[in-house]
Amino acid sequence: MAATTFATPAVIFALALVAGMTAQVLARHLRVPGIVLLLLAGVLLGPDMAGIIQPRTLGPALRIMVAASVAVILFEGGLHLDIDRLRGEGPTIRRLVTVGVLVTGIGAALTARIVMGWTWRVAIPFGTLVTVTGPTVIGPLLRRIRVNRNLHTILEAEGVLIDPIGAILAVVALEVVLAQGLSVAAQGLLGIPTRLVVGLAFGVAGGLLIGKLLQLDLVPDGLESITALSLVLAVHALAEAVISESGILAAPIAGVIVGNMKLRPERELREFKQQLSVLLVALLFILLAADVRLAEVAALAWRGWATVLLLMFVIRPLDVAVCTRGSRLTLRERTFLSWLGPRGIVAAAVASLFAERLSAEGIAAGLELRALVFLVIAVTVVVQGMTGGVIASLLRVRRRTDSGYLIAGANPLAVQVGHALRSGGQEVVLVDTDPARTREAIALSIPAVHGSVRDEETLEEADLGGRRGVVGVIGNPATGLLLAEKARREFRIPRSFLLLRTNDAPTRAHARRVGAHVLFGRATDVAEWSRRISAGEVELVEARYDGSEQALAGIYDTAAADVLFLTISRRDRTSPVSEQTRVRTADRIALLVPRGAGLPPGFAIASGQPRTPAAAG
């Protein structure tokens, strides 16, 4: 009977998956960048340490796996790029992915030539390789750090778009420096525009095809995400068949197209792709980290460390200074952009390919190049990832942590609460699973996000971590309680207001346990009030309290079914009405009253605030 061996491709693949996801889980619990633990795990389990994971066992399959995984990861990154937000920071983003690539590439190549002593045939490919940052690193960091919206948009777009551009430039650079003769080198240079055009064409066509199939409901429910995945891989493979390295651009372009088509299954598609990306990032970093020899990294000695430090503290700041000149960014924001530029999966993947090509040409420095790229990735991810939050706080570029309210629901009643809070100077964002409702809210100039408050990504998009409180205006109290508990436990948001359909003691007790207040101070039928608003039976008014004790009963008296108190404003601070609300003289109250009816006793229309019809929502 043959001896059992674990050094088989199937076992190595499975072990890398388990190790990668274990690292991701631990990183979430420890609140550290996942890639830090992934790199550490890959090294510890690789041939130089435990010897459990042997990437070479996978043979040619490793390269195919890496290429397909990178395509999916970049497609997922493209899904998150909102074209409307990109337009606001368009000039800076365009410079970073064009001029910035040249500044970084030339600076890194010169550094490698002078400090490392490499020939131009190695220094130039290295320079182009480290131009990329990558969504696999930037995305998780931004979710933890939560910087200003403009910085978030710029860094996210740079990470997604610069990867394919940098990878294409790097591959062409390698072809040119290895070319035999000027004519072959010139043909290699023509590969840049050719790859860009082919990648763009396949990306646009593939994105429109995927989007239309989902938009026209041609794919049965439950199969949308997996169908989109198969088509993304097909788009990538077809572009690669036309010309190599064009597929890496086609994937994110297709993602941008699909992500901006406002599809019905958009939330499910994003959630599926994000989960898949987490899995693929875990797998790839384990395998690629294990494939690097520690002896090769150690052999770089001080020259390697000097190169990395020059990239971080000289070349990246120079890149940002050139690309943000004349922009609206403040000095603090530019400084933060200069600090945050970690390298990711594309640099690691292409470096392995370059090491093989250069070694095949008899260039010994090829292995040094891979080791140096790995050192750049490790140092930038660990140092910038671990200090990004501290630097953002010192530079005061983090988003505020008390900017208004997240409202669960975009029904007509939720829209009225949003109107009342916005009138009081509070920021609001509505979250609803019904895309039609979110579109209607946006049409009424109220920010809204399509998704579920149970979904982590939706809460991140709605910036839950930066809110002063959450307001549940939905008919399902269980979902509202879940949101309140999540807001308090994970985001440290203590203020929660929940709509209760009944006054039953268990629900109120559960609400008290999670620190939530009863919205409107009483049980409320959201469906009935939404119907009355849509039918135009009520109007939204802002009234001032004159101090009469008679008026106070209206907020808590369930018999006053035709009046609903929404918000209270005092000393320029507006908040939702709850069971703990105590009205004082001169307080301003936003309330819904029957159209044409008088106000409750003790209230008068606030000065300069005429009655306004309740928007349908």
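The values are calculated or read from the model by the stated rules, or taken from the named source; none is laboratory data. Values in this document were obtained by computation on a predicted structure and should not be read as measured data. Cβ coordinates were reconstructed from backbone atoms using ideal geometry, including for glycine residues, and neighbour counts include every protein chain displayed.
Are any residues in segment 19-74 more than 30 Å from Ile145 (Cα to Cα), among the β-branched types (Val, Ile, Thr) and surrounded by fewer than 16 Cβ atoms within 10 Å (Cβ to Cβ), and if so, which ones? Spell out how you get there, then give the answer.
Residues of segment 19-74 more than 30 Å from Ile145 (Cα to Cα): 46-65.
Of the ones still in play, those that are also among the β-branched types (Val, Ile, Thr) are 52-53, 57, 64.
The one that is more than 30 Å from Ile145 (Cα to Cα), among the β-branched types (Val, Ile, Thr) and surrounded by fewer than 16 Cβ atoms within 10 Å (Cβ to Cβ): Ile64.
Has segment 331-339 got any residue that is over 20 Å from Arg94 (Cα atoms) and not small (Gly, Ala, Ser)?
At the first step, the residues of segment 331-339 found to be over 20 Å from Arg94 (Cα atoms) are 332.
With not small (Gly, Ala, Ser) added as a condition, the list becomes 332.
Checking segment 331-339: at least one residue is over 20 Å from Arg94 (Cα atoms) and not small (Gly, Ala, Ser).
Just give me the residues in segment 134-163 being polar (S, T, N, Q) and modelled with pLDDT under 80, in sequence order. I'd like the intermediate steps shown before the answer.
Going through segment 134-163, the residues polar (S, T, N, Q) turn out to be 136, 148, 150, 153.
The one that is polar (S, T, N, Q) and modelled with pLDDT under 80: Thr136.
So how many residues does segment 273-316 have that are part of a helix (DSSP H, G or I), under 18 Å from Phe13 (Cβ atoms) and not aromatic (Phe, Trp, Tyr)?
So the answer is 14.
Kindly list, by first and then second residue, each pair from a residue in segment 528-544 that is in the same structural domain as Ile568 (by TED's automatic domain parsing) to a residue that is among the aromatic types (Phe, Trp, Tyr) and surrounded by 22 or more Cβ atoms within 10 Å (Cβ to Cβ), limited to pairs with Cβ atoms under 6 Å and residues at least 6 apart or on different chains.
If the second residue must be among the aromatic types (Phe, Trp, Tyr) and surrounded by 22 or more Cβ atoms within 10 Å (Cβ to Cβ), the pairs left are Ala543/Phe603.
Pull up segment 216-257, narrow it to residues that are among the polar types (S, T, N, Q) and in a helix (DSSP H, G or I), then point me to the one that is nearest to Val198 (Cα to Cα). Please lay out each step first, then the result.
At the first step, the residues of segment 216-257 found to be among the polar types (S, T, N, Q) are 225, 227, 230, 244, 246.
With the extra rule that they be in a helix (DSSP H, G or I), the set shrinks to 225, 227, 230.
On the way: Ser225: 25, Thr227: 23, Ser230: 20 Å.
If we take residues in segment 216-257 being among the polar types (S, T, N, Q) and in a helix (DSSP H, G or I), then Ser230 is nearest to Val198 (Cα to Cα).
For Gly554, work out the one condition from (1) at pLDDT below 80; (2) under 39 Å from the mean Cα position of the chain (by Cα); (3) among the small types (Gly, Ala, Ser) it doesn't fulfil.
All conditions pass for Gly554, except number (2).
Report, by residue number, each residue of segment 448-478 that is surrounded by 18 or more Cβ atoms within 10 Å (Cβ to Cβ), of a type outside the set (Gly, Ala, Ser) and over 22 Å from Gly139 (Cα atoms).
Answer for segment 448-478, where residues must be surrounded by 18 or more Cβ atoms within 10 Å (Cβ to Cβ), of a type outside the set (Gly, Ala, Ser) and over 22 Å from Gly139 (Cα atoms): Arg468, Val470, Val471, Val473, Ile474, Pro477.
Determine whether segment 289-296 contains at least one residue that is within 26 Å of the chain's Cα centre (by Cα), under 25 Å from Pro164 (Cβ atoms) and either assigned by TED's automatic domain parsing to the domain that holds Val147 or of a type in the set (D, E, K, R) (or both).
Step one: list which residues in segment 289-296 are within 26 Å of the chain's Cα centre (by Cα), which gives 289.
Those left that are additionally under 25 Å from Pro164 (Cβ atoms): 289.
Now narrow it down to the ones that are either assigned by TED's automatic domain parsing to the domain that holds Val147 or of a type in the set (D, E, K, R) (or both): 289.
So far as segment 289-296 goes, yes, one or more of its residues are within 26 Å of the chain's Cα centre (by Cα), under 25 Å from Pro164 (Cβ atoms) and either assigned by TED's automatic domain parsing to the domain that holds Val147 or of a type in the set (D, E, K, R) (or both).
Give the residues of segment 565-616 that are surrounded by 13 or more Cβ atoms within 10 Å (Cβ to Cβ), among the small types (Gly, Ala, Ser) and modelled with pLDDT under 75, sorted by residue number.
Gly602, Ala606, Ala614, Ala615, Ala616
Go through Ala239, Ala228, Ala205 for me and flag whichever is crowded, with 17+ Cβ neighbours inside 10 Å, under 23 Å from the mean Cα position of the chain (by Cα) and assigned by TED's automatic domain parsing to the domain that holds Val160. Break it down into steps so the answer makes sense when it comes.
Values: Ala239 fails: under 23 Å from the mean Cα position of the chain (by Cα); Ala205 fails: under 23 Å from the mean Cα position of the chain (by Cα).
Within the list Ala239, Ala228, Ala205, the selection yields Ala228.
All but one of (1) assigned by TED's automatic domain parsing to the domain that holds Glu461; (2) crowded, with 24+ Cβ neighbours inside 10 Å hold for Arg422; state the number of the condition that does not hold.
For Arg422, the exception is condition (2).
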